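Visitor: Quick one: the structure is below, and I'll ask about it shortly.
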Amino acid sequence: MIEEKFDAIVVGAGMAGNAATLTLAQRGLKVLQLERGEYSGSKNVQGAILYADMLEKLVPDFREDAPLERHLVEQRFWMMDDNSHVGLHYRSEEFNEEKPNRYTIIRAQFDKWFSSKVKEAGATVLCETTVTELIQDAYGRVIGVRTDRAGGQIHADVVVLAEGVNGLLGTRAELRPRPKPENVALAVKEMHFLPRETIEARFNLKGDEGVVIEAAGTISRGMTGMGFIYANKECVSLGIGCLVSDFQKTGETPYGLLERFKSHPSVAPLIEGSEVKEYAAHLIPEGGFKAIPQLYGEGWVVVGDAAQLNNAIHREGSNLAMTSGRIAAEAIFQIKSRREPMTAKNLALYKAMLDESFVMKDMKKYKDMPALMHINSQNFFLTYPQLVSKAMQNFVRVDGTPKVEKEKRSLRAFVEARSWLGLFGDAFRIARAWR
Amino acid sequence: MSDPSVRVEDKLFYNRYLVDAGRAHIKVRPHTVPTAPLLSMLKLCPARCYEMNEAGQVEVTVDGCVECGTCRVVAEPSGDIEWTYPRGGYGVLFKFG
Ligand SMILES: Cc1cc2nc3c(=O)[nH]c(=O)nc-3n(C[C@H](O)[C@H](O)[C@H](O)COP(=O)(O)OP(=O)(O)OC[C@H]3O[C@@H](n4cnc5c(N)ncnc54)[C@H](O)[C@@H]3O)c2cc1C
Ligand code: SF4
């Protein structure tokens with residue numbers, strides 16, 4: 001048993017855990033971070049887009065030495081049917097700025113760097129250590145953790161649970177329920193290596209410019225899901241994810257979906273001749289605002305994916321993780337500075353501060369989206385993409401049919417597939433959920 | 001568009017693992033007839049760790065597990081499996097993630 005008592009123990013060295021540990025250490029608290037992987041990042045999976053703003057608040061000069069891949073100058077949305085895609089592309093020279101706003105990163109490498117900052121700030125980081133249980137006293141207060149190392153009991157005033165989407169410890173201690181199949185997506189992804197020049201030519205990039213493609217449509221075979229293709233310096237990160245409950249219903253396999261996505265005529269040329277170096281899978285919290293569990297209690301707080309803080313619509317998770325980790329640490333520091341105990345009453349400060357931040361405001365904004373997409377997934381991911389593709393084909397193909405007739409045909413196809421009422425209903429519901 | 005053939009074993013071959021021999025972190029409850037959640041894992045596990053044996057029971061081999069947690073979400077509530085993380089340092093080691 002480690003005899004000394006810590007001000008705080010942080011479980012997990014992902015985005016949320018590293019942000020929390022760094023902040024606690026910078027404020028002079030005695031903090032221990034525990035991570036089950038060989039190093040920070042060795043268990044973590046992401047697309048991955050990094051949002052500069054949230055990292056700047058933690059490591060202001062991160063651009064100097066962080067392993068960044070490409071700064072994004074272009075975003076593409078693809079609505080796909082089996083043979084085509086309708087795209088919306090936004091590219092701007094303004095993204096070639098001195099301090100770019102978004103970058104692609106490779107998580108295992110990025111986390112390793114982030115962890116080096118945590119250590120420099122003075123935290124004790126112990127990897128290859130799985131926390132197996134929270135230690136609670138007779139009153140149910142969390143007073144430390146048990147690990148899988150010999151005699152592995154360690155005590156602290158407060159435990160920060162940054163344990164990621166699976167959140168095993170919180171479930172075991174009955175602080176929150178296990179995620180439900182309808183509230184998590186299973187994503188599978190691959191890393192495709194190609195020469196730098198090839199990537200730049202295929203994606204229309206120069207230097208360190210980058211592009212990301214988000215894709216939806218028949219690729220998810222009617223399930224609620226999205227595909228993504230992100231350009232890194234010398235590799236392309238490509239994957240697809242769908243709700244676990246939808247996988248259960250359809251009997252689709254995740255790797256089957258991935259292969260179909262890769263062989264789509266719009267995708268295949270982008271990765272042709274590549275060398276695959278990794279295959280990974282991970283869950284993504286998709287339950288939204290309504291799935292957020294209790295965020296604090298006697299001697300504990302929960303941050304990041306473990307708290308289901310993930311904005312599925314904008315594909316943001318790591319920035320919510322970093323921000324919730326930082327805010328939890330700041331709240332703990334304030335309580336500590338007042339020499340007050342880490343009770344639920346005092347730790348409510350974390351929730352109050354989070355409510356005031358973009359994290360909760362964004363989560364709230366889209367509170368009705370997950371259910372909407374789920375209930376109508378057939379329309380959003382199968383019917384509409386096919387119809388839009390047909391309408392585009394009608395629009396661009398020159399075959400002697402009068403334009404008026406073509407437009408009528410497109411419209412008729414929409415109404416036949418969904419009825420006026422259904423179309424208006426969907427449009428109305430989307431607008432309301434988006435508001 | 002037809003389904004391209006997929007060999008998951010080939011995909012797992014790219015990955016690095018440190019296998020904790022003799023200490024499987026996932027266990028299937030002994031059964032004669034598999035339940036619906038267990039059966040669904042045959043298709044749902046991204047590393048195809050779940051397989052049906054000749055007697056018609058579902059078995060798990062965790063060597064290729066990528067620790068996603070999907071089977072825990074699906075088959076733990078019914079008590080069909082016991083799920084935990086591998087011991088510290090063991091299991092999948094992502095180089096890229
Ligand atoms: C395919 C995919 C693409 C994504 N793309 C994006 C994107 O482009 N942009 C974005 O912002 N977000 C994206 N996300 C979401 C983002 O990855 C997550 O929101 C983010 O990683 C959450 O950070 P976290 O620290 O809460 O959890 P994690 O990063 O999962 O970290 C949890 C850590 O805790 C450790 N741990 C867990 N349990 C224990 C234990 N008992 N003992 C010791 N250690 C433990 C784990 O090993 C891990 O290191 C994506 C997610 C996926 C799966
Ligand atoms: S955790 Fe994921 S990869 Fe491992 S056995 Fe379960 S479903 Fe398969």
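The values are calculated or read from the model by the stated rules, or taken from the named source; none is laboratory data. A quick note: this is a predicted structure, and the numbers were derived from the prediction, not measured. With ideal geometry, Cβ positions are generated from the backbone for all residues, glycine too; neighbour counts draw on all protein chains shown. Just the protein is used for accessible areas: all its heavy atoms, side chains included, with ligands, DNA and RNA removed. Shrake-Rupley method; radii C 1.70, N 1.55, O 1.52, S 1.80 Å.
Visitor: Report the calculated FRET efficiency for A:Lys206 and A:Lys119 (r = Cβ-Cβ distance, R0 = 51 Å), to the nearest 0.05. Working shown, then result.
Guide: Working: r = 36 Å, r/R0 = 0.71.
With a Förster radius of 51 Å, E is 0.90.
Visitor: Okay, next question. Could you give me the percent of Cα pairs per 5 Å distance bin for the stretch A:1-57, shortest bin first, beginning at zero and ending with the bin that holds the maximum distance?
Guide: Final binned percentages: 4, 17, 23, 22, 20, 9, 3, 2, 0.
Visitor: Need one value for B:37-46: mean number of C-beta atoms belonging to other chains within 10 Å of its residues' C-beta atoms.
Guide: Details: counts 2, 0, 1, 6, 1, 2, 9, 9, 5, 14.
Average neighbour count from other chains, rounded to a whole number: 5.
Visitor: Let me ask another. At 0.692 mPa s and 37 °C, plugging the Kirkwood radius over alpha-carbon pairs of the stretch A:32-120 into Stokes-Einstein gives what diffusion coefficient in µm²/s? Could you put the intermediate results ahead of the total?
Guide: On the way: Rh = 15.1 Å.
Stokes-Einstein gives a translational diffusion coefficient of 217 µm²/s.
Visitor: Can you tell me, using C-alpha contacts under 8 Å and at least 6 residues apart, the relative contact order of chain A as a whole percent? Let's see the in-between values first.
Guide: Details: 903 pairs, mean separation 83.4, N = 435.
Reported relative contact order: 19 percent.
Visitor: If you don't mind, another one. Ranked highest first by average number of other Cβ atoms within 10 Å, how do B:53-62, A:263-272, A:391-400, A:163-172 line up? Could you put the intermediate results ahead of the total?
Guide: On the way: B:53-62: 13.2, A:263-272: 16.0, A:391-400: 11.1, A:163-172: 22.8.
Put in order of decreasing packing, that is A:163-172, A:263-272, B:53-62, A:391-400.
Visitor: Based on the mean of other beta carbon atoms within 10 Å per residue, what is the order of B:35-47, A:56-68, A:8-20, most packed first? Mind showing how you got there, number by number?
Guide: Values: B:35-47: 20.9, A:56-68: 14.8, A:8-20: 31.5.
Descending mean neighbour count gives A:8-20, B:35-47, A:56-68.
Visitor: Here is a further query. Within the set of other residues whose C-beta is less than 10 Å from the C-beta of B:Glu82, count the net charge using Lys and Arg as +1 and Asp and Glu as -1. Mind showing how you got there, number by number?
Guide: Values: positive: B:Lys27, B:Arg29, B:Arg72; negative: B:Glu76, B:Asp80.
Charge balance in the 10 Å sphere: +1.
Visitor: With a ≥ b ≥ c taken as the square roots of the eigenvalues of the C-alpha gyration tensor of the stretch A:182-285, please select rounded if a/c is under 1.5 and otherwise prolate if a/b is larger than b/c or oblate if it is not?
Guide: On the way: a/c = 2.21, a/b = 2.10, b/c = 1.05.
Prolate is the answer for the stretch A:182-285, as a/c is 1.5 or above and a/b outweighs b/c.
Visitor: How many partner chain Cβ atoms sit within 10 Å of a residue's Cβ in peptide A:275-286, on average, as a whole number? Provide the component values of the computation, followed by the final result.
Guide: On the way: counts 1, 4, 4, 10, 12, 13, 11, 8, 5, 0, 0, 0.
Partner-chain Cβ atoms within 10 Å, mean over residues of A:275-286: 6.
Visitor: A follow-up question, please. Measure nothing but the geometry: give the 0 to 90° angle between the long axis through the Cα atoms of A:318-337 and the longest principal axis through the Cα atoms of chain A, rounded to 10°.
Guide: For helix A:318-337, the angle is close to 20 degrees.
Visitor: Taking 0.36 nm per residue of sequence separation and subtracting the Cα-Cα distance, how much length would be gained by fully extending the chain between A:Asp61 and A:Lys403, in nm to one decimal? Show your work: numbers first, answer last.
Guide: Values: separation 342, 0.36 × 342 = 123.12 nm, distance 5.63 nm.
In short, 117.5 nm is gained.
Visitor: A further question on this structure: Where the centre of each part is set by its Cα atoms, how far does the stretch A:1-76 sit from the stretch A:84-143, in angstrom?
Guide: 4
Visitor: What do you reckon, how do A:Thr250, A:Thr401 stack up by accessible area (1.4 Å probe), largest on top?
Guide: Numbers: A:Thr250 65, A:Thr401 30 Å².
Descending accessible area places them as A:Thr250, A:Thr401.
Visitor: With viscosity set to 1.002 mPa s at 20 °C, what whole-number translational diffusion coefficient in µm²/s follows for the stretch A:24-72 from Stokes-Einstein and a Kirkwood radius over Cα pairs?
Guide: Values: Rh = 13.5 Å.
In µm²/s, the coefficient is 159.
Visitor: Follow-up. Over both sides of the A-B contact, add up the buried accessible area with a 1.4 Å probe and give it to the nearest 100 Å². List each step's numbers first, then the result.
Guide: On the way: alone 19860 and 6950 Å², together 22540 Å².
By this definition, chains A and B bury close to 4300 Å².
Visitor: Between rounded, prolate and oblate, where does the stretch A:78-118 land on the alpha carbon gyration tensor, with a ≥ b ≥ c its root eigenvalues, rounded for a/c under 1.5, else prolate if a/b exceeds b/c?
Guide: Working: a/c = 6.35, a/b = 1.69, b/c = 3.75.
The shape class here is oblate.
Visitor: If you bin every alpha carbon distance in the stretch A:370-434 into 5 Å steps from zero, what whole percent lands in each bin?
Guide: Reading upward from the zero bin: 3, 16, 24, 21, 15, 10, 6, 3, 1.
Visitor: So, one more: So, R0 is 41 Å and r is the distance between the beta-carbons of A:Asn101 and A:Lys180; what FRET efficiency does that work out to, to 0.05?
Guide: Numbers: r = 34 Å, r/R0 = 0.83.
For R0 = 41 Å, the calculated efficiency reads 0.75.
Visitor: Enter the mean number of other protein chain beta carbons within 10 Å of the beta carbon of each residue in B:68-79, as an integer. Intermediate results must be reported in sequence, preceding the final value.
Guide: Values: counts 13, 13, 12, 1, 6, 14, 7, 0, 2, 4, 0, 0.
Per residue, the number of nearby Cβ atoms from other chains is 6 on average.
Visitor: Give the lysines reachable from A:Lys365 as a straight Cα distance under 26 Å; neighbours fewer than 8 places away on the same chain don't count.
Guide: In chain and number order, the partners are A:Lys57, A:Lys180, A:Lys290, A:Lys351.
Visitor: With every protein chain kept in the model, how would you rank A:Arg91, A:Arg196 by accessible area, 1.4 Å probe, largest at the top?
Guide: Values: A:Arg91 100, A:Arg196 65 Å².
Putting A:Arg91, A:Arg196 in descending order of accessible area: A:Arg91, A:Arg196.
Visitor: To continue, here is another question. So how do B:16-28, A:308-320, A:205-217 stack up, highest first, on mean other-Cβ count within 10 Å? Working shown, then result.
Guide: Details: B:16-28: 14.0, A:308-320: 22.8, A:205-217: 19.7.
My ranking of the peptides, most packed first, is A:308-320, A:205-217, B:16-28.
Visitor: Now, a different point. Over the stretch A:123-206, calculate the relative contact order: mean separation of alpha carbon pairs under 8 Å at least 6 apart, over the residue count, as a percent. Could the numbers behind the result be given before it?
Guide: Working: 72 pairs, mean separation 14.0, N = 84.
17 percent.
Visitor: Separate question: In square nanometres, what is the average projected area of the Cα convex hull of the stretch A:86-169? Each step should come with its number before you reach the end.
Guide: Values: hull surface 41.8 nm².
Hull-based average projected area comes out at 10.5 nm².
Visitor: Please compare each pair in A:Lys262/B:Lys43; A:Lys367/A:Lys406; A:Lys233/A:Lys364; A:Lys112/A:Lys336; A:Lys117/A:Lys361 to a cut-off of 31 Å on the Cα-Cα distance and tell me which ones are over it. Don't skip to the answer; put the middle values down first.
Guide: Working: A:Lys262/B:Lys43 19 Å; A:Lys367/A:Lys406 38 Å; A:Lys233/A:Lys364 35 Å; A:Lys112/A:Lys336 29 Å; A:Lys117/A:Lys361 29 Å.
In this structure, A:Lys367/A:Lys406; A:Lys233/A:Lys364 exceed 31 Å between Cα atoms.
Visitor: If you build the convex hull over the alpha carbons only and average its shadow over all orientations, what do you get for the stretch B:8-92? Give it in nm² to one decimal. Numbers along the way, then the final one.
Guide: Details: hull surface 22.1 nm².
Mean projected area for the stretch B:8-92: 5.5 nm², to one decimal.
Visitor: Could you work out the local net charge near A:Leu295, counting Lys and Arg as +1, Asp and Glu as -1, over the other residues with Cβ closer than 11 Å to its Cβ?
Guide: Working: positive: A:Arg176, A:Lys351; negative: A:Asp355.
Result for the neighbourhood of A:Leu295: +1.
Visitor: Follow-up question, since we're still on this one. Give me the compactness ratio for the protein assembly as shown, meaning the Cα radius of gyration over 2.2 N^0.38 Å.
Guide: Values: Rg = 23.6 Å, N = 532, 2.2 N^0.38 = 23.9 Å.
For the protein assembly as shown, the normalised Cα radius of gyration comes out at 0.99.
Visitor: Straight distance only, please: which aspartates and glutamates reach the Cα of A:Lys408 with their own Cα at less than 18 Å, same-chain residues fewer than 8 apart left out?
Guide: A:Asp399, A:Glu416
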